[in-house]
Each structure stands twice: as C-alpha cells, then as structure tokens.
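K.L.:
Here it is: the structure, laid out below.
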Amino acid sequence: SSNPSAGEPMSGSFAGGMADKRSSVASSVERVVETGATKAHGAIDASKTALQSGVRKADDAIASASEKAGTALDGLQQKAGDAMDRVARNPQVEEATRNLEQQIKEHPIRTLAVALGLGILVGRSFK
C-alpha cells in the first residue's frame, strides 16, 4: 500500500521524504520566528527612541517655562519693590506714618482698643 498504517514498516523513500519535509518545515518556522523577532526588536527600538525624544522635548519645555516664569517673577518683584519705594517716599504717607506714631505714643490704651476692635471685625468678616 502507498500509505503505511501503524503496523506496517515505512519504506525508505517515504521515511526520507517525511524527514525532508520535517526539516523544511522546521527551517521555515525558524525563519518566520527570526523575522518576527527582528521586526519586534526594531519596533521596540523605534518606540524607545520616540519615547526618549518625547521626554527630551518635555524636559526642554519645562526648563523653558521655568526660565520664563523666573524672569517674569524677577520683573514683578522689581516693580513691586519700586512701587513700595515710591509709596514710602510719598510725603502724604510719611505724614500719615508720623501722625500714627504720635497717636500711639499719646494714647496707647485707646489705640490698642481700636486695633482690637478692628481685629475682631475683620476676623468675623472672614468667617
């Protein structure tokens, strides 16, 4: 018979043909696995490179924003300092400060009572 059953011995040419087919299939599978592995490694490398590039861009953006914020804050602090200097040098403010100091020296109890009353009112208004 051309197709051996479990009890019949295989002829030499049939067994050799099967071995060749097994070897061919094994080689094909090996090539497919190697090709798949190569493509997977390539995809992983590409993903890694893209991720690293994204992280670098994010770091650069954060550094730039931080620098801009620092510069803006420095400018704002300078303007606030200049404004405080102008207010402190204002003759009306200087006069009001002298009057307040004189009031505190001449009437300390009354000044303390007024400050306490104002503190209570302001404290209640924030509740």
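Any read-out appearing in this document is the output of simple, stated calculations on the displayed coordinates, not a laboratory observation. Owing to the predicted nature of the structure, the values given are computational and were not obtained by experimental measurement.
K.L.:
With axes computed from alpha carbons, what is the tilt in degrees of helix 91-106 against the longest principal axis of the chain, rounded to the nearest 10 within 0 to 90?
P.N.:
Tilt relative to the chain: about 70 degrees.
K.L.:
If you don't mind, there's one more thing I want to ask. With all distinct Cα pairs included, what does the Kirkwood hydrodynamic radius of region 14-127 come out to in Å, to one decimal, could you say?
P.N.:
23.4
K.L.:
Helix-only estimate, please: 222 nm mean residue ellipticity of the chain, summing -39500 (n - 2.57) across DSSP H runs of length 4 or more and dividing by its residues, to the nearest 500.
P.N.:
Numbers: 3 runs with 112 residues, N = 127.
That calculation yields -32500 deg cm²/dmol at 222 nm.
K.L.:
May I pose another question? Give the shape of region 73-120 as rounded, prolate or oblate, defined through the alpha-carbon gyration tensor: a ≥ b ≥ c are the square roots of its eigenvalues, a/c under 1.5 means rounded, and otherwise the shape is prolate if a/b is larger than b/c and oblate if not.
P.N.:
Numbers: a/c = 5.02, a/b = 1.94, b/c = 2.59.
It is oblate, given that a/c is not under 1.5 and a/b is not larger than b/c.
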